[in-house]
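Remarks on the structure that follows.
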Amino acid sequence: MGWKGIRCDNAEDLQSALTEALDHQGPSMVVIPIDYRENMALTERLGKIDETF
């Protein structure tokens, strides 16, 4: 069907993966695996932010 599939495993390659997908003459899919363990680390860091008004 003319699909171009691109896998992007790290942030450094994201721009080139998106450029390649957008330059393709047909439909493209960029696969970006997510490490959901990072969500807990971010939640912990955000929970330590105390903004007092």
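The values are calculated or read from the model by the stated rules, or taken from the named source; none is laboratory data. No experiment lies behind these values; they were computed from the predicted model shown. Positions of Cβ are generated from backbone atoms using ideal geometry, with glycine treated the same way; all protein chains shown enter the neighbour counts. Areas reflect the complete protein model, heavy atoms only, side chains present, ligands, DNA and RNA absent. Shrake-Rupley method; radii C 1.70, N 1.55, O 1.52, S 1.80 Å.
A few points about this structure:
- Pairwise Cα separations in the chain fall into 5 Å bins from 0 onward with the following percentages, short to long: 4, 17, 18, 14, 11, 10, 9, 8, 5, 2, 1, 0.
- Between 0 and 90 degrees, the angle of helix 37-47 with respect to the longest Cα principal axis of the chain falls at about 40 degrees.
- Surface analysis of the chain yields an accessible area of 93 Å² per residue, using protein heavy atoms and a 1.4 Å probe.
- For a modelled paramagnetic label at Asp35, 7 Å from Cα along Cα-to-Cβ, the residues of region 1-18 in reach, with backbone nitrogen under 17 Å, are 8-14.
- Sparse-neighbourhood loop sites, trypsin sites (Lys or Arg not before Pro) in the chain - DSSP loop, at most 10 other Cβ within 10 angstrom: Lys48
- Net charge of the neighbourhood of Ser16, taken over other residues with C-beta under 15 Å away and scored Lys/Arg +1, Asp/Glu -1, is -3.
- To put it simply, the accessible area of the chain at a 1.4 Å probe is 57 percent carbon and sulfur.
- Helix 14-23 vs. the chain, principal-axis angle (Cα, 0 to 90°, nearest 10): 30
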